[in-house]
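Novice: What follows is a single structure, and I will ask about it in a moment.
The values are calculated or read from the model by the stated rules, or taken from the named source; none is laboratory data. Only a predicted model underlies this, so the values are computations on that prediction, with no experimental measurement involved. With ideal geometry, Cβ positions are generated from the backbone for all residues, glycine too; neighbour counts draw on all protein chains shown. Surface areas here come from the heavy atoms of the whole protein model, side chains and all, with no ligands, DNA or RNA. Shrake-Rupley method; radii C 1.70, N 1.55, O 1.52, S 1.80 Å.
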Amino acid sequence: MFGKLFKKKESQEIELFAPVDGEVIPLEEVPDPVFSEKMMGDGIAIKPSNGNIVSPVDGEIVQAFPTKHAVGVKAENGAEILIHIGLETVALDGEGFTMHVKEGDKVKKGDALVDVDLAVVGEKAVSTVTPLLITNMNDLEALHKQDVQQVSANEDVVITVK
């Protein structure tokens, strides 16, 4: 009778798909210590080949930065995912970015989040490299990075978290 009540809740494993087309690089190679030293979380980075950023999972938008340079998505298993578009892009104050979501929106894998003019970001920011981070690693059991070099948005799994 009480079996279900006291049974340990099983962790749900989810797959994070590439949020943008491009070349995957290890987080440790991102030329910004906040990301390369994993101060904000663990994950990967992608050198984007286009500016169409999509949701890597089904979830809810928990952060839509006013400067449009980053989006936070909470996955159904509780993983908190940050997509940070480019490096030092907060200083652009939204220039070159078109946000398609707001905080509280429910999203499905592949839904458009942000469109980025890579020419503007490439010219005015340090880099277009886009880190994809899990920011609440302490709440999760495991993170596995897939061994992939080139990815297509909404098609290729890049990280599995449990």
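Novice: Looking only at the stretch 124-162, count every residue that is in a strand (DSSP E or B), over 15 Å from residue 12 (Cα atoms) and in contact with a helix residue (DSSP H, G or I) (Cβ under 8 Å, 6 or more places away or on another chain) and tell me the total.
Specialist: Total satisfying the criteria: 2.
Novice: What tally of residues in the stretch 123-142 results from selecting those that are in contact with an Asp or Glu (Cβ under 6 Å, 6 or more places away or on another chain) and open to solvent by 40 Å² or more (accessible area, probe 1.4 Å)?
Specialist: Matching residues across the stretch 123-142 total 3.
Novice: I'd like to verify a number: residues in the stretch 60-78 that are open to solvent by 70 Å² or more (accessible area, probe 1.4 Å) and under 12 Å from the mean Cα position of the chain (by Cα), how many?
Specialist: Residues that pass the stated criteria total 2.
Novice: Using beta carbons and a limit of 8 Å, which pairs, at least six apart or on different chains, have the first residue in the stretch 90-119 and open to solvent by 80 Å² or more (accessible area, probe 1.4 Å) and the second one part of a strand (DSSP E or B) and acidic (Asp, Glu)?
Specialist: 100/115; 106/60
Novice: To continue, here is another question. I'd like to check something: does the stretch 3-13 contain any residue that is at pLDDT below 95 and open to solvent by less than 70 Å² (accessible area, probe 1.4 Å)?
Specialist: The answer is yes, given that some residue of the stretch 3-13 is at pLDDT below 95 and open to solvent by less than 70 Å² (accessible area, probe 1.4 Å).
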